[in-house]
Amino acid sequence: MTKIRSRIRERRPAVVESLREAVQPARLLLVAKTALAVGLAWWIAPHMPGVTDQYPYYAPLGALVSIYPTLMGSVRSSLQTLLGLVAGIGLATLVIVTVGPNWWTIPVVVGLGVLLSGTGWFGAGKEYVPIAALFVLIIGGQNADDYSLGYLTQMAVGVVIGLVVNLLIAPAPTTLAAAARVDAFRHQLSDHLHDIGYAITESWPPEHEQWAEDAASLADTTSSLRTALAEADDSRRVNPRARGGRGATQHAHEDLTRLDRIAHLIRDIADATADTIWDRPGAMPLDPELPEPLAAACHAVADVIAAEDPSTAEAHRLRGEAARAIRMLLERVDDRTADVGRTTGPGVLAAMHLRRILIVSGIGNESRD
């Protein structure tokens, strides 16, 4: 019976997971705020003065584009959308006061709008540059001035309503959720290293390959965690429900930086081990005397990675055991290299990387003591 612990539980179908994400409390709050903002915008829009009341349907659209999961995201996207509208209307106005809209000026202006939207100046509002220009030229027609005024004004009304709703019903900061994901990643790295240790001492080739496949996905996990932390920082800005600033996630950022370095080292160990186990191109043989001390070192370092509080006596004990296990591995590597007169393959690389992991973990620990 294999020693590898089964950590890959049955995954829910993608559709079920998507539905679960869609009904999270934070998402349901966003749904309710969006519906409320759109409803208020549609109620207020017909009461706008002048010709703007002829274009009430743009107010709900403005409210819709202004509601984002974070307040800062709402402010940013709203300003970018209005800026994109102004740019598009400006392009259309330039055509109207010169040659006028016709079969060739309309596609040219739309093309210029698409070109301008690619500059990166408009962010979330980049699509509105060509759209606004096209709407003004085709829908506005002879009343392009009134249409432009109504379009921009009603969009602005909807944006303001959306921002007010999002401010009064402020979303909760996602700091704790992001930090919890980083902590879960720490345990994931520990599990990967444990699995490598179990694989090394199995009968070769091991029956299970999932540990090698999962190790390749660590870079993607790190990238998604960076995005989550950036969103967590964003969720605190201008948010009345948040206290303090970026310092609230500073430890999580530092942890992720350290864990990212550890992940790279574990991936190298996993790649070298997998090459040797399955005799891939570039593989070097592993001396038969090394699996036991190598596995012991992997398990000991994995326990250090998983330690939740690095300042406790238990964490210091684990670090001491890991240091001894690595030292024993290095001594065995030195002995076998001298005995057989050749490099002992992945045992050297693994020993170097395990020592680096322990050092990186120590740097993180010292920053918290």
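The values are calculated or read from the model by the stated rules, or taken from the named source; none is laboratory data. On a predicted model such as this, the values are computed, not experimentally measured, just so you know. A quick note on method: Cβ atoms are made from the backbone with ideal geometry, for glycine too, and the neighbour counts reach across all protein chains shown. Side chains included, ligands, DNA and RNA excluded: accessible areas come from the protein's heavy atoms. Shrake-Rupley method; radii C 1.70, N 1.55, O 1.52, S 1.80 Å.
Key figures for this structure:
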{"read-out": "Matching residues, the stretch 71-115, being aliphatic (A, V, I, L, M) and open to solvent by 50 Å² or more (accessible area, probe 1.4 Å)", "value": "75, 79, 83, 86, 94, 96, 97, 99, 108, 112, 114, 115"}
{"read-out": "Residue, nearest to residue 220 (Cα to Cα), within the stretch 259-276, restricted to residues that are at pLDDT 90 or above and charged (D, E, K, R)", "value": "260"}
{"read-out": "Residue in the stretch 187-198 that is charged (D, E, K, R), open to solvent by less than 60 Å² (accessible area, probe 1.4 Å) and in contact with a Leu (Cβ under 8 Å, 6 or more places away or on another chain) present", "value": "no"}
{"read-out": "Inter-residue pairs, beta-carbon under 9 Å, first under 23 Å from residue 74 (Cβ atoms) and in the stretch 124-147, second open to solvent by 50 Å² or more (accessible area, probe 1.4 Å) and not in a helix (DSSP H, G or I), 6+ apart", "value": "124/68; 126/118; 126/119; 126/120"}
{"read-out": "Answer residue from the stretch 199-230, given it is modelled with pLDDT of 85 or more and touching a Ser or Thr at 6+ places or on another chain (Cβ under 9 Å) and is surrounded by the most Cβ atoms within 10 Å (Cβ to Cβ) among those", "value": "229"}
{"read-out": "The stretch 126-155, residues that are farther than 30 Å from residue 226 by Cβ, surrounded by 15 or more Cβ atoms within 10 Å (Cβ to Cβ) and either under 31 Å from the mean Cα position of the chain (by Cα) or β-branched (Val, Ile, Thr) (or both)", "value": "130, 131, 136, 153, 155"}
{"read-out": "Search result, residues across the stretch 156-176 that are assigned to a helix (DSSP H, G or I) and either among the polar types (S, T, N, Q) or open to solvent by less than 60 Å² (accessible area, probe 1.4 Å) (or both)", "value": "156, 157, 158, 159, 161, 162, 163, 165, 166, 175"}
{"read-out": "Extreme residue, modelled with the lowest pLDDT, among residues of the stretch 11-56 that are surrounded by 14 or more Cβ atoms within 10 Å (Cβ to Cβ) and among the aromatic types (Phe, Trp, Tyr)", "value": "55"}
{"read-out": "Segments classed as helices (runs of 4 or more DSSP H), wholly inside the stretch 15-122, with at least 1 members that are among the aliphatic types (A, V, I, L, M) and within 22 Å of residue 164 (Cβ to Cβ)", "value": "25-44, 58-66, 71-96"}
{"read-out": "Residue list for the stretch 341-369, filter: assigned to a helix (DSSP H, G or I) and modelled with pLDDT under 75", "value": "346, 362, 363, 364, 365, 366, 367, 368"}
{"read-out": "Some residue of the stretch 277-292 being at pLDDT 80 or above and assigned to a helix (DSSP H, G or I)", "value": "yes"}
{"read-out": "Unmet requirement for residue 301, which otherwise passes all of (1) at pLDDT 90 or above; (2) surrounded by fewer than 19 Cβ atoms within 10 Å (Cβ to Cβ)", "value": "(2)"}
